[in-house]
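In what follows, a structure is listed as structure tokens, so that the remarks can point back to it.
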Amino acid sequence: MGRILLGDLKDLPLDRFPSPRLDPNIELQMDGAMAKVDGRVKEAAYHACLGYFNSIREISRDKTMLVELAARFCQSIGLQKPPSLFRKTALKMGLKGIPGIRI
């Protein structure tokens, strides 16, 4: 997502800045908390994330990047693989046939 914004701001003198590392204890706490969240809630969050990214014009033009962003979100919430979409939903979103989309 940051690369998209940087492209829009290419005429400004911006430098890349590395993301700060999280305290390992916080990462463990987050992993523990996410393990307690029901899988159906995580799946709904993935679908919402995919829909949100698809609504952003700069992202939705590149469907492969959109699916990659959603897959990273999927991993961050503790899902092993992205949930399936209904075929009709994938068609409406223009995602049928995009690598990483499961129907």
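The values are calculated or read from the model by the stated rules, or taken from the named source; none is laboratory data. Small disclaimer: the values here were computed from a predicted structure and weren't measured. Every residue, glycine among them, receives a Cβ derived from its backbone with ideal geometry; neighbour counts consider all protein chains shown.
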Condition first: at pLDDT below 90 and either under 22 Å from I101 (Cα atoms) or touching a strand residue (DSSP E or B) at 6+ places or on another chain (Cβ under 8 Å) (or both). Can you find one or more residues in segment 26-34 that meet it?
no
Restricting attention to segment 76-103, the residues that are under 29 Å from A33 (Cα atoms), surrounded by fewer than 16 Cβ atoms within 10 Å (Cβ to Cβ), of a type outside the set (G, A, S) and in contact with a Ser or Thr (Cβ under 9 Å, 6 or more places away or on another chain) number exactly 2
Yes or no: segment 7-17 includes at least one residue that is modelled with pLDDT of 90 or more and outside any loop (DSSP other than H, G, I, E, B). no
Checking L85, L22, L79 in turn, the sole residue that is in contact (Cβ under 8 Å) with a residue 40 or more places away in the chain and out of contact with any Gly (no Cβ under 7 Å at 6 or more places or on another chain) turns out to be L79
Residues of segment 52-67 being out of contact with any helix residue (DSSP H, G or I) (no Cβ under 6 Å at 6 or more places or on another chain), surrounded by fewer than 16 Cβ atoms within 10 Å (Cβ to Cβ) and in contact (Cβ under 8 Å) with a residue 24 or more places away in the chain, in sequence order, are T64
